[in-house]
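Quick notes on the structure that follows.
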Amino acid sequence: MGHTAIVTYLLENGAQTETATMRGETALHLAARANQIEVMRILIRARANVDARAKVCLSLEPVDWTCVRDNVKIVILCT
């Protein structure tokens, strides 16, 4: 079910939704790849960029990962 309390705490204390890993993946990418719907909702409400492109993995956007994982709920959330 993800770590919604931790994500909420971090955002309330200044964590940036657009901080990326060395691979260019944001928290939204990672949540999408892990099928963490509730974490994605929190990040999107915090204005995470649903169109952010990773540097690797074919430059996938978070919504692309949801399609790979075949999760319609998340696809709808990202569009």
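The values are calculated or read from the model by the stated rules, or taken from the named source; none is laboratory data. Remember, predicted model here, so these are calculated numbers, not experimental data. Cβ: placed from backbone, ideal geometry, glycine included. Neighbour counts: every protein chain shown.
Laid out as a table, the results:
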| item | result |
| --- | --- |
| Tally of residues being more than 16 Å from Thr19 (Cα to Cα) and either touching a residue at least 40 places away in the same chain (Cβ under 8 Å) or surrounded by fewer than 21 Cβ atoms within 10 Å (Cβ to Cβ) (or both) across region 29-44 | 6 |
| Residue satisfying condition, being in contact with a Cys (Cβ under 6 Å, 6 or more places away or on another chain) and modelled with pLDDT under 80, within set Val63, Val68 | Val63 |
| Evaluation of Ala27 against (1) touching an Asp or Glu at 6+ places or on another chain (Cβ under 6 Å); (2) at pLDDT 85 or above; (3) aliphatic (A, V, I, L, M) (one fails), failing number | (1) |
| Single condition Arg41 does not satisfy, out of (1) modelled with pLDDT under 85; (2) touching a Leu at 6+ places or on another chain (Cβ under 7 Å); (3) of a type in the set (Lys, Arg) | (1) |
